[in-house]
Amino acid sequence: MKTIITIVRKEFQQILRDKGMLRMIVAVPIIQLFIFAYAVTTDLKNVKLAYVDHDRTSESRQLVDAFFTSGYFTSVGMAENQTKLMSWLMEGKADITLNIPIGYAEGIVRGNVSDVGLIVDGQNSSLSGRGRGYAEAIIRTEAAKLMENKRLEHPELETKMHRIVPVTRYYYNPELESKKYMVPAIVVLLISIISGMLTGMAVVKEKEVGTLEQLMVTPITPMQFIAGKTIPFIFIAFFELAFASLIAIFFFKIPFEGSVLLMIAAAILYLQVTLGAGLLASTVSQIQQQAMFTVWFFLLFGILMSGFFYPVENMPKWIYMLTYLNPVRHFMEIMRGIFLKGVTFSDIIPQFALLFGLGTLIFGTAVIKFRKMND
Amino acid sequence: MTLNHSHSSNLAVVAKDLTRCFGNFTAVDNLQLEVSRGEIFGFLGANGAGKTTAIRMFCGLLKPTSGEAWVDGLPISRDSEKIKRRIGYMSQRFSLYDDLLIEENANFFGGVYGLSKKEIELRIAEQFERLGLTKQKRTLTSELPLGFKQRLALACAMMHRPRLLFLDEPTGGVDPIARREFWDLIYETAEDGATVFVTTHYMDEAEYCSRVSIMKDGKIVALGVPAELKRKHGTQTMEDLFLKLVGVSGESGESVE
Ligand SMILES: Nc1ncnc2c1ncn2[C@@H]1O[C@H](COP(=O)(O)OP(=O)(O)OP(=O)(O)O)[C@@H](O)[C@H]1O
Ligand SMILES: [Mg+2]
């Protein structure tokens, strides 16, 4: 124990002396929160939408209106048929096209919303990807609204309708305010980067400058070394979590509906993942940059597959199944749930369980690999 | 020469058939060695002879491919954890924390060896005084000249009062005066009863050792008291002896007398 404290103290002395590291801990979160939060909201303001409405009912007109009042889509105009829509898409006049088929309104009653045709220009992937996510969410939100109305009008249909109410992905974010949706995700991104990268770099630094060899002729055990190297970054990650959350709540006015304790518990499980990743990266890297890029590579992968940009449900089925193995996804869901939905522990037991399992696996592997390396 | 455990426990360092290969290449080849307690043992050899590899095995940083060695009476194959508490090691490459104050470095190594806060303070005070580091206590390690860095490395390696010191080229790259001063410290340490196992490329330093071995291609080609070795091989200086046995020149080091 005393040995671990000695290492932790040394680690803090080094961190506090490292201006670059301090900048990374304090300034990076602020910059990233602002850049991301604003980039995301402005980016999505002007997705060009063209549509064709074969249904011509008040319900279909309501759907079209919902698109243009959302603030994310601007109208390119109404086309007379699908061919025209496609040519607009090809010419780049439109980013997304919407085809409302005959029988849309009736289909809604039967819970059949997937008939609405969305085609997205795949060339601008970030814009169209998120545009598609939002478009789908609008369609589902509208459908849910309509169905709710129908149910109120025809209470006798209650039991039958109940089964077919579509699951709305953006349920907890009904106004589709991307900021609300993104800021908690950016908090996740931040503590991943800080804890994963800095741990990896701090361990490899010892290898790089030769101090690891010096430590290995002392009575320090590998477990003491790992504890001493990771504990400071647990503190820093929590500092980061508190700092970024406060900016989110007080500056971005993101609601915080859930429990702080639950968030801390989830973060502890998640830190096993990021610290483990940092440690793993350090076992395969000889210099700090290498460790940094290795962590970044896996983190990027985890973030892309986490629902950070658009819902994992939109991904191809097999990728969607793979995302269950992605700890970033589970933590992202927990954090968004805690911030926006006020979830309680019983709502997120599966995510907690998976996060715990994956975290233990990753950290355990890292420890084993680290001990092997020093043999 | 037969070695057994009880015999080896009276000696500071014993190597028996100690061998280490890297792939097909044999860096240390059937090394046989006995170093008594209280000696200043000079472990000489040209670049790549296998000195560092041998020392790393003694210190538990590297596992032998075959053979065995005893350090302070303990077999390296089984007791490397116990050995670590009894030895001090200064690696060939400066390997303390550049971004700590020199006092913080010493504090850290004291803590790592399990000394109490009081002991650490005491030890820092007496060692820094002896090594002439007191004035620079609050200096950032990276700002120290190399000669002082080497003294700090020695101080850190000796925080826990080890009975045996492995110094791998402790004076590489500094001027003759700084080397001379460092050797004075080595003498003092030996007078206090510690065994010093030291490698060097400077043949003037070899003359200061109580005994030396000269290594070539992983094998020891000469072993003994410097004066006797010179007589036996009919050379005037260690420099000439080294040239004769190894075929390349050691560094004379423009010794200052
Ligand atoms: N980890 C390793 N992998 C492969 N070869 C190695 C390794 N470590 C050392 N060697 C090789 O073993 C040989 C002996 O190296 P060693 O460092 O022990 O020599 P040395 O006597 O200390 O030399 P110097 O005086 O230059 O420090 C060298 O040829 C070196 O290239
Ligand atoms: Mg060497």
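A few comments on the model shown:
- Taking all protein chains as they are arranged and a probe of 1.4 Å, the heavy atoms of B:S66 leave approximately 60 Å² accessible to solvent.
- Computed from the Kirkwood radius of its Cα pairs, the Stokes-Einstein diffusion coefficient for segment B:173-213 at 25 °C and 0.890 mPa s stands at 226 µm²/s.
- Chain A - Rg and Dmax from Cα coordinates, angstrom: 24.5, 80
- Net charge, A:Q351 excluded, C-beta distance under 12 Å - Lys, Arg +1, Asp, Glu -1: 0
- Taking every DSSP beta bridge that has both ends in the protein assembly as shown, the antiparallel portion is near 45%.
- Under 22 Å of direct C-alpha separation, and excluding same-chain neighbours fewer than eight residues apart, A:K93 reaches these lysines: A:K45, A:K48, A:K84.
- Per residue of peptide A:11-24, the mean number of Cβ atoms on other chains within 10 Å of the residue Cβ is 2.
- Residues in chain B average 43 Å² of solvent-accessible surface per residue, probe 1.4 Å, ligands and nucleic acids excluded.
- Relative to the dominant Cα principal axis of chain A, helix A:82-91 is inclined by about 40°.
- Exposure of A:I4 as accessible area (Å², to 10), given a probe of 1.4 Å and all protein chains: 30 Å²
- Average other protein chain Cβ within 10 Å of Cβ, residues B:90-100: 5
- Whole-number D in µm²/s for the protein assembly as shown (Stokes-Einstein; Kirkwood sum over Cα pairs; 37 °C, 0.692 mPa s): 112 µm²/s
- Solvent-accessible surface ranking, highest first, for B:D99, A:D53 at 1.4 angstrom: B:D99, A:D53
- Accessible surface ranking for B:D72, B:D192, 1.4 angstrom probe, highest first: B:D192, B:D72.
- Candidate lysines for bridging to A:K207, where Cα separation is under 20 Å - those fewer than 8 sequence places away on the same chain excluded: A:K10, A:K229, A:K369, A:K372, B:K63, B:K84, B:K149
- These residues, B:R37, B:R151, go from largest to smallest accessible area, 1.4 Å probe, as B:R37, B:R151.
- Heavy-atom accessible area buried between chains B and A is around 2400 Å² (1.4 Å probe, both sides summed).
- The Stokes-Einstein estimate for segment A:171-257, based on a Kirkwood radius over Cα pairs and taken at 20 °C with 1.002 mPa s viscosity, is a diffusion coefficient of 140 µm²/s.
- Phi to ³J(HN,Hα) by Karplus 6.51 cos²θ - 1.76 cosθ + 1.60 over segment B:92-104, Hz, x for Gly, Pro: 4, 9, 4, 9, 10, 7, 5, 9, 10, 5, 5, 5, 5
- Computed over chain A: relative contact order in percent, which uses C-alpha pairs under 8 Å that are six or more apart: 18 percent
- Accessible area of A:S245 in the full protein assembly, 1.4 Å probe (Å², nearest 10): 10 Å²
- Accessible-area composition of the protein assembly as shown, carbon plus sulfur, in percent [1.4 Å probe]: 59 percent
- Principal-axis analysis of the Cα atoms of chain A puts helix A:178-192 at an angle of about 20° to the longest axis.
- Of all beta bridges that DSSP places with both ends in chain A, some 30 percent have antiparallel geometry.
- Per-residue packing, averaged as other Cβ atoms within 10 Å, sorts the ranges A:262-272, A:69-79, B:167-177 into the order A:262-272, B:167-177, A:69-79, beginning with the highest.
- Partners for B:K232 among lysines (Cα-Cα distance below 16 Å; same-chain residues under 8 apart left out): B:K244
- Shielding value for A:215-226 is 5, the average number of Cβ atoms from other chains within 10 Å of each residue's Cβ.
- Once the Cα atoms are used to define both axes, helix A:198-209 deviates from the longest principal axis of chain A by about 40 degrees.
The values are calculated or read from the model by the stated rules, or taken from the named source; none is laboratory data. Note that the coordinates shown come from a computational prediction; the quantities given were computed from them, not determined experimentally. Here Cβ is always computed from backbone atoms with ideal geometry, including for glycine, and neighbour counts include all displayed protein chains. Areas reflect the complete protein model, heavy atoms only, side chains present, ligands, DNA and RNA absent. Shrake-Rupley method; radii C 1.70, N 1.55, O 1.52, S 1.80 Å.
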